[in-house]
Amino acid sequence: MADIKIDSKLFQERISQFISAWKNDKRSGDALFGGVSSILINMGKVDANPEFHKNNAMHFWLLGYEFPTTLMLFTLDTIYILTTQKKAKYLDQVKGGRYPVEVLVRGKDNAENEKLFLKIADAIKTAGKKLGVLTKDTSKGPFIDEWKKVFADNCKDVEEVDISQALSAGAFSAKDETELRAMRTSSKACVALLTPYLLDEMSNALDADKKIKHSALADKVYAKLEDQKFWKTVELPNRQKLPADLDPDQLDWILGPIIQSGGKFDLKWQADSDDDVLHPGIIIAAMGLRYKSYCSQIARTFMVDPNKSQESNYKFLLTVHNLILKEIRDGVVVKDVYSKAYNMVKSKKPELEKHFVKNVGYGIGLENKDPTLILNGKNTRTLKDGMTLCVTTGFNDIQNPSPQDKNSKVYSLVLTDTIRVTGSEPVVFTGEAPVDVDATSFFFKDEEEAQPTPKKEKRDARVGAVATKNITSTRLRSERNTTVDEDADKRRRAHQKELAQKKQKEGLAKYAESTTDSNGVEVKKFKRFESYKRDNQFPPKVKDMGIILDQKNATIVLPVMGRPVPFHINTIKNASKSDEGEWSFLRINFLSPGQGVGRKDDQPFEDASAHFVRSLTFRSTEGHRYTEIANQIANLKKDAVKKEQEKKDMEDVVEQDKLVELRNRRPVVLDNVFIRPAMEGKRVPGKVEIHQNGIRYQSPLSTQQRVDILFSNVRHLFFQPCQHELIVIIHIHLKDPIIIGNKKKTKDVQFYREATDIQFDETGNRKRKYRYGDEDEFEAEQEERRRRAELDRLFKSFTEKIAEAGRNENIEVDMPLRDLGFNGVPFRSNVYIQPTTECLIQITEPPFMVITLEDIEVAHLERVQFGLKNFDLVFVFKDFSRPPYHINTIPVESLEDVKEFLDSSDIAFSEGPLNLNWSVIMKTVTANTHQFFLDGGWGFLQNESDDEEEEEEEEESAFEISESELEEASESSEEDSDFDSNASAEASEDDEDESDEEEGEDWDELERKAKKRDRESGLEEEEAARGKNKKQRKR
């Protein structure tokens, strides 16, 4: 103990904090401390395998070290410490502070030692009749026995009160930054030992069919704690390393490591790893470490060749675990957390209710388990910001419906994380260890064993609803087969008929009652405009009885019958000035019912049958004055309309919550990226940071130029690689629009970096002087390929980290499927549109296009007819108040691909030869949606395409005539023919000769031959005409 140095400043801060909490409790009714006047903390001999309880924790919290055979007595005025002479030297370091400390030194004289104990007893009696003690204290030794004898003899009137919960609440539970840093480090050390080390050892053994005992595997992990090289080189699952200041010598075991499998599970961790062989099935691994006296724990369930039931139960366990983490925050009562988790199990999977754990964790820190902070259904303690908890979610002894062997009949599932309580979502210290099904499941069996049944067509995991058969190897029309697959078309028609019927049923069910003037249609209301509330608010110039424009109140004051009358600008239609002789006239027209038949004629009025002033005309000889007033009225009207439009545009903008920045560690950063829509000012690259509840883009120009996006507002997250593109993109589509800069409203925010490198001039560099081949060009191409691959890797990794940070909001990374894309014009330019798992997007050029497939009601293909090279695609949304979305000028070669994409995405579609007036159609739909679906709903679009097919069939049948009619027609044609019989005979002979030479010539070939004959027959006449012209020119 030669190097012991106690931080006296920290000691004084913490003892003051504890005494303040004690005094505050006395003032508020002794609810926590139980009215004690003094507190006794006793410490006996240290066992070979020490357990960490509240007496140890008090020593570590105040002094940083554990002092055996030491007694501490706290009163509101003084702290008495009774210890041996050697330890007293170190305790002298805490003297002289604001809170008095009296150190009493024991010696070898028993009589003197008894006097010191009596002094402590007198201090207890002087302070009061209630002494706070740890009733479950298991300290032993002669020192403890001696004190108990003195206390029993001299303090008979003193009442002992359990102070455990007060110590937890007033001292240990809420931790400062230093304590949290130590806990974070111990948690990361747990993660490093579990994943990758234990996971690699276990998977290697299973993969090699190597039999290894639980205890042997645990011993390997146990020994790794002493491996200094391991701690310097190990990488966590997120590719990060442990803190550089980690001191492995201060790491120590508090739990395990415990490894369980083969149907024998104990989620209370009461037994060490046994000597049974590791069984490939459900495997549970748990461990706990202590760093600088602060503890953390972790446990994970690994599944080897799991069946569907086990996977389903594990996914449900993960859902319950995430619910518990979401519910834990500052101010929540402990029992409410457990109740919500229990109720979820009871409602969603009642068969697992009896297997659910009796508590979902406990407080952790200086103690490896705080018994006063058990997370069960009875604990009424309130969680506070800064508390650290060990959260354990599990199901005990579940019956396996399809066991592989006798050791697989019963299994348990568990997840344990060490977390910190905050004001919102907790910080998961052990969150780097993955918990999703893909990361914890291992499959070692052959495909034949696992799936003996014939395998269906394999689908790309990224494709989702999009059919994989649409992926083609060519893009040119000449290379692709444009013929329609009749079987596929028949299947598609049958599926579309089912979808149309389903849409009709859904529409009738959703709009079961008449919904006139609803469904999102804006019902215009009469608006009242108030210019002034009182007479004294009028402009001072009204006394002159002139025409006055009040810009501030958007009002025009007009003299009427000798009185100033205010008119708000929104009541005025327009103003005009005219001249007649020496007089000038100013005419002001007001809004009133029955004016014109334009779009603005639907202006509502409170009483349309009342008398209205249509216009007022003023006369004056000052024409220039009236011109100025008319211009001012027009400008004021423009400003009012502009403000109204801006207000309307901002109606759907929702104010986001504040971004909670990461304070305890550096956020993950992606540097040197541009943002779209662009910020105001100079275009410079900034950086994107991932914080606790969202991401932040920070411009280097100013700290005020930044964009915050919360995870709760993210609807879609896309990553588009730079393959075939000039930029690599991270694109975020929002649920509600936000404001970027001053007035830019947007629902799409994009971060990108240019993939091309134009910083180097390759036309005149040095290499050209000495190298005459293409080596430098090859090198440049390879360098660009490598740079693009690195850019894709960097941006994809960052996108996945965003999704991981926002996993509680169900954020997932989506990638466009370029092979299934097609060209189209959604706005003004022709762009390449690509489907993703959930959307149809174009995010390369602004304005961006992101259409969520689940928002689409129906799709309609316009201008689909023979002879046209392009067609249009219209999407009608389930929200009928949204205008339909048009994608124009899609090449007809993509028609089958688009149809297949829509069909495989379960989107009902129809087609027609003409463009429809969708504004009129949507007005009909929204006017009375109930009646619309009663009349057949979207069936009129399908009927149109059916009518076209019928017309085509009728046109084809017009050419089919009976034999009698054919004979009559041939006879009449012979009678009416202008050609003689010889000519027809010659023609028939020629035809026979030609038919002998070539059979089955098509119309194009016959047309070509006819033109050739015409040219040959007219050749002599053309030559004669040319000769005649030459003679005329000579003359």
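The values are calculated or read from the model by the stated rules, or taken from the named source; none is laboratory data. Everything numeric in this text was worked out from a predicted model, so none of it was measured. As a convention, Cβ positions derive from the backbone with ideal geometry for all residues, glycine included, and neighbour counts pool all protein chains shown. Surface areas here come from the heavy atoms of the whole protein model, side chains and all, with no ligands, DNA or RNA. Shrake-Rupley method; radii C 1.70, N 1.55, O 1.52, S 1.80 Å.
Using the Cα centre of region 86-209 as the reference point, and only Cβ charges (+1 on K/R, -1 on D/E), how large is the resulting charge dipole? Debye, rounded to the nearest 20. Intermediate values should be presented prior to the final figure.
Values: 21 positive and 21 negative charges, 155 e Å.
For region 86-209, the charge dipole is close to 740 debye.
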Per-residue HN-Hα couplings for region 914-923 [Karplus 6.51, -1.76, 1.60; θ = phi - 60°; Hz; x = Gly/Pro]
10, 7, 9, 8, 6, 5, 5, 4, 5, 5
In Å, the C-alpha Rg and Dmax of region 209-297 are 14.5, 41
Mind giving me the nanometre distance, one decimal, between the label points for residue 176 and residue 382, set 7 Å out from Cα along Cα→Cβ?
2.4
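Keeping every protein chain present and rolling a 1.4 Å probe, give me the accessible area per residue for region 242-392 in Å².
Values: 5950 Å² over 151 residues.
In whole numbers, region 242-392 has 39 Å² accessible per residue.
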Given a 1.4 Å probe, how much area per residue of region 113-192 is accessible, in Å²?
46
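Tally up the carbon and sulfur contribution to the accessible surface of region 54-99 as a whole percent, 1.4 Å probe, everything protein left in place. Before the final figure, lay out each step's value.
On the way: 760 of 1660 Å².
Carbon and sulfur: 46 percent of the exposed surface of region 54-99.
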Taking 7 Å along the Cα-to-C-beta vector as the label spot, tell me the residue 138-residue 865 distance in nanometres, rounded to one decimal.
9.1
Computed Rg/Rh for region 787-930 (Cα atoms; Rh = Kirkwood radius) stands at 1.03
Specify, per residue and in Å³, the volume enclosed by the convex hull of the alpha carbon atoms belonging to region 617-735.
210
Based on the Cβ-Cβ distance of residue 924 and residue 812, what FRET efficiency does E = 1/(1 + (r/R0)^6) give at R0 = 45 Å, to the nearest 0.05?
0.75
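Return the Rg/Rh ratio of region 781-830 with Cα-based radii and a Kirkwood Rh.
Numbers: Rg = 15.7 Å, Rh = 13.8 Å.
Value, to two decimals: 1.13.
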Excluding residue 878 itself, what net charge comes from residues whose Cβ is under 11 Å from its Cβ, given Lys and Arg +1 and Asp and Glu -1?
-2
Of the listed pairs 23/130; 241/801; 9/119; 54/136; 89/148, which have alpha-carbon separations greater than 19 Å here?
9/119; 89/148
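Lys and Arg at +1, Asp and Glu at -1: add these up for the other residues within a Cβ distance under 14 Å of residue 97 and post the number. Mind showing how you got there, number by number?
Details: positive: 9, 14, 95, 98; negative: 7, 13, 77, 92, 102.
My count for the surroundings of residue 97 gives -1.
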Rank these by accessible area, largest first, 1.4 Å probe: 333, 728.
333, 728
Cα→Cβ-extended label distance, 7 Å offset, between residue 491 and residue 1008, nm:
4.0
Largest-first principal axis extents, alpha carbons of region 22-141, Å:
43, 32, 27
Mind listing the Cα extents of region 68-109 along all three principal axes, in Å, largest one first?
31, 19, 17
Provide the gained length on full extension for the span residue 498 to residue 590, in nm with one decimal, where the gain is 0.36 nm per separating residue minus the Cα-Cα distance.
27.6 nm
For residue 663 and residue 915, calculate 0.36 nm times their separation in residues minus their Cα-Cα distance, and state this gained length in nm to one decimal.
85.0 nm
Run the accessible area of region 830-938 with a 1.4 Å probe and give the carbon-and-sulfur part as a rounded percent.
54
